[in-house]
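In what follows, a single structure is set out as structure tokens and then discussed.
The values are calculated or read from the model by the stated rules, or taken from the named source; none is laboratory data. Given the structure is predicted, the values throughout are model-derived calculations rather than measurements. In this analysis, Cβ positions are derived from the backbone assuming ideal geometry, glycine residues included, and neighbour counts consider all displayed protein chains. For accessibility, only protein heavy atoms count, side chains too; no ligands or nucleic acids. Shrake-Rupley method; radii C 1.70, N 1.55, O 1.52, S 1.80 Å.
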Amino acid sequence: MPGYDGRPEAEWVDIDRAAKRIATLVQQQRLDRVDLVGHSTGAVIAVEAAKAIRQTTPETDVRVHAISTALPAPQPLLAGMRGAAGTVAAAARSGSLKPRTVWLEYYRRLAYGPDAETDPQVAQAADALVAANDDRITLPSRGLGRRHTRDLRQWQNRNAAALTGAQLDYYHGAVDPVFPPRITARFVNTLPGADLHLIEGHGHLLLLTYPEVWDQITASIAAP
């Protein structure tokens, strides 16, 4: 993502361009099979790449492993509204208006859902997660959020039928406060041959809170 892992902040996420680059690479390399793994917006890019691959090289076996997927419009806009409400609630819970204090409190709910405030065991896990990642949890600079989400806010998942023949597996937290599981299930049901795997007790940060997701994906990739 722009602004992270050495990428310049001035860049914008371009879903269509990224998907076409992946499809072109698959075509150039004449791959018999490709497994695409994406998280959140990355899952959307993987789906769009799968559509392009099915159209340009239909003989390629393409499989998508989507983690905490983002959803079509208007859900990204609604997710922003949920995030704003969650931030206000986090400020109330923390009793502070300091941006980092509020963000760390919201981060706990983002990771584990509402039980992070009510269940002592979940709260302990949330506290441990924040402590372990404190030096890596940074507040996004001004404008970076817009550059990350502008394209996503307009994404409609057009031509879903192009995914016919692809294998789609969705891994999603059962208490994800960003893209709720009920709405996610409704979306996955619109995709041909897609399966949804809900992870109980986990929110939007499956890569951190549920690293076992990699075991499931690795097993799926190893399958014929």
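Projection of the Cα convex hull of segment 147-224, averaged over all directions and equal to a quarter of that hull's surface, yields 6.3 nm². Pairs of Cα atoms nearer than 8 Å and 6+ residues apart set the relative contact order; for the chain it is 23 percent. Using bins of 5 Å that start at zero, the share of Cα-Cα pairs per bin across segment 36-132 amounts to 3, 12, 15, 16, 15, 13, 9, 7, 5, 4, 1, 0, in whole %. Between 0 and 90 degrees, the angle of helix 120-133 with respect to the longest Cα principal axis of the chain falls at about 70 degrees. Can you figure out the FRET efficiency of Ala85 with Trp214, using R₀ = 25 Å and their beta-carbon distance, to the nearest 0.05? Rounded to the nearest 0.05, the efficiency is 0.20.
In whole angstrom, how long is each semi-axis of the equivalent ellipsoid of segment 1-79, when you take the square root of 5 times every eigenvalue of its Cα gyration tensor and sort them from largest down? Each semi-axis is √(5λ); the values are 23, 16, 11 Å. Here the sum of -39500 (n - 2.57) over DSSP H runs of 4 or more residues, divided by the residues of the chain, equals -15500 deg cm²/dmol at 222 nm, to the nearest 500. In the context of the full set of protein chains, residues of the chain present 52 Å² of accessible surface per residue (probe radius 1.4 Å, heavy atoms only). Dimensions of the chain from C-alpha coordinates, computed as largest minus smallest value along each principal axis and given longest first, are 57, 37, 30 Å. In terms of packing, defined here as the mean over residues of other Cβ atoms within 10 angstrom, the peptides 42-48, 174-180 line up highest first as 42-48, 174-180. Across segment 160-203, counting alpha-carbon atoms alone, Rg and Dmax equal 11.0, 33 Å.
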